[in-house]
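Input: a single structure, listed below in structure tokens.
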Amino acid sequence: KFTLKENGKLEIKNKYFYTNLNNFTFEWELLKNGENIASDILNIDVEPSSSKLISLPLDKIEEKGEYFLNVFAYTKNAGALIPKHHELARAQFNVGKQTYFTQTELNHQKKIKYTQKGDVLSFEAANIEGVFNLKEGKLTSYHLKNKKEIIESFPTPYFWRAPTDNDFGNQMQEKLAVWKNAHQAQITGVTVGKQTDNGLPIEVKMQLKDVEVSYAVEYLLLNSGAIKVTASMDMKDKELPELPRFGMRLELAGLYDGLSYYGRGPWENYSDRNTSSFLGVFKAKVADQFTWEYIRPQENGYKTDVRWLKLLNNAGEGIEFTGAQPLGFSALNVSTESLDPGKTKNQRHTTDVHPQDKVFLHLDYKQRGLGGDNSWGALPHKPYRLLDTKYTYSYTISLINEKDDEK
């Protein structure tokens, strides 16, 4: 067992009755903003049922940056059933004074340029240009100058998930069904605010279908050309079931399949099943995010506690999303609709789901936990359910060209 003491020393407790810890290999690594900046091997000699304090050289920790210490224990030699260097234990500790979200950067860019003709507002900054349709209350274009569109379907509110086996057990597909089509909202007002030193705000108000709840999105067109999106919803005085998720979704062209992110990974994880997934920077292909091991198609491939994520094409061009608070996301080549069988378990297999040449991106504040105390009625534990009456979150969209940034 690993415990980080207040004095910064690492306590390693040997819970074996007959085995000294010198039979194992211990390794540690220090991450700054998700990237490994130091690591080493520890040689530990601890008798059974004893513990030892270890001093680690963590002198690389500075005032700025988010730092995590990872510690691992591995088998030193192969056994009858376990191979050499098999992981037996792991732990992650936050060892810095800052979180990623307390780090701020000043924006010194000139004010964003925009023009409005009727219901069409066009804007540009640096090497970015876009269009906002004020009648429809949404972005209709946003791309690097002289480049193709990356986003095929721009952010819209979304609250549903494809039911899991546990969800069917507690009848989520029936009890929470009012949220399934709530994203089909009616725009009730669009306001272009006064341009400030931060940028140009556009507020969109809408009424969600079926639930009759007011929902608002503020798009702040930043001077850098990035867009800060803030979504809010207030359900006070409404008798509504809990939310499956509070977030938004987008569709991107399929060629933007190079995924990297700073969050929990690399395997899928959910709010009530994520402690084995350490915070770090991970890279993969979107096609590899789908969890094929489930026999029946259902919600899968999610990541939690995400600081930022990028989706790039082979030329290094793409898009980045940065949270003002931790985000949850999934980026798959299949849609929620294609995974959802409806109100009864359709006896399909995951091989019946056919990936498309698209990236279906869910970008959430939170999603309901998976539960699993049993699969025939138990709900997720209360801390992992969305039971509040008010929700709000923010994230920033940025267009990037990493190859240009390297020059």
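The values are calculated or read from the model by the stated rules, or taken from the named source; none is laboratory data. Just so it is clear, the structure is predicted and the values come from calculations on it, not from any experiment. Here Cβ is always computed from backbone atoms with ideal geometry, including for glycine, and neighbour counts include all displayed protein chains. SASA here: full protein model, heavy atoms, side chains in, ligands and nucleic acids out. Shrake-Rupley method; radii C 1.70, N 1.55, O 1.52, S 1.80 Å.
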How big is the C-alpha Rg of segment 93-197 next to the rule-of-thumb value 2.2 N^0.38 Å, as a ratio? 1.57
In Å³ per residue, the alpha-carbon convex hull of segment 215-273 encloses 169 Å³
With a 1.4 Å probe and every protein chain left in place, work out the accessible area per residue of segment 217-256 in Å², rounded to a whole number. 33 Å²
Put +1 on the Cβ of every Lys and Arg and -1 on every Asp and Glu Cβ in segment 59-147; which of 78, 98, 128 then has its Cα farthest towards the positive end of the dipole? 128
Report the Rg/Rh value for segment 1-66, based on alpha-carbon coordinates and the Kirkwood definition of Rh. 1.03
Taking the square root of 5 times each eigenvalue of the Cα gyration tensor, what semi-axes in Å does the equivalent ellipsoid of segment 12-165 have, largest first? 53, 22, 14
I'd like the distance separating the alpha-carbon centroids of segment 86-158 and segment 177-222, in whole Å. 16 Å
Which trypsin sites (Lys or Arg not before Pro) in segment 244-343 sit in a loop by DSSP (not H, G, I, E or B) and have at most 13 other Cβ atoms within 10 Å of their own Cβ? 343
Please report the relative contact order for the chain, taking Cα pairs under 8 Å with a sequence separation of at least 6, and give it as a percent rounded to a whole number. 14 percent
For segment 188-347, one quarter of the surface area of the C-alpha convex hull, expressed in nm², comes to 12.3 nm²
10 Å-binned pair-distance histogram of segment 117-267 (Cα, whole percent): 10, 32, 33, 21, 6, 0
For a bin width of 10 Å, list the pair-distance distribution of segment 32-100 built from all Cα-Cα distances, rounded to whole %. 16, 40, 29, 13, 2
D_trans [Stokes-Einstein, Kirkwood Rh over alpha-carbon pairs] for segment 178-254, 20 °C, 1.002 mPa s, µm² s⁻¹: 152 µm²/s
What share of the DSSP beta bridges in the chain is antiparallel, in percent to the nearest 5? 100 percent
Segment 240-302, relative contact order [Cα under 8 Å, separation at least 6], %: 32 percent
So what is the 222 nm mean residue ellipticity for the chain from helices alone, if each DSSP H run of at least 4 adds -39500 (n - 2.57) and you divide by all residues, rounding to the nearest 500 deg cm²/dmol? -500 deg cm²/dmol
Using alpha carbons only: equivalent-ellipsoid semi-axes of segment 106-167, gyration tensor based, whole Å: 31, 16, 12
Restricting to Cα atoms and excluding each atom paired with itself, what does the Kirkwood estimate give for segment 316-369 in Å? 13.6 Å
Based on the inverse mean of 1/r over its pairs of different Cα atoms, what is the Kirkwood hydrodynamic radius of the chain, in Å? 23.6 Å
Using only Cα positions of segment 340-388, each an equal point scatterer, no hydration layer, compute I(q)/I(0) via Debye at q = 0.20 Å⁻¹ and quote the log10 values to two decimals. -1.03
At 1.002 mPa s and 20 °C, plugging the Kirkwood radius over alpha-carbon pairs of segment 253-303 into Stokes-Einstein gives what diffusion coefficient in µm²/s? 181 µm²/s
Cross-link partners among lysines for residue 236, C-alpha distance below 25 Å, same-chain residues fewer than 8 apart left out? 175, 180, 205, 209, 366, 382, 390
Tell me, what % of the accessible area of segment 239-355 is carbon and sulfur with a 1.4 angstrom probe? 51 percent
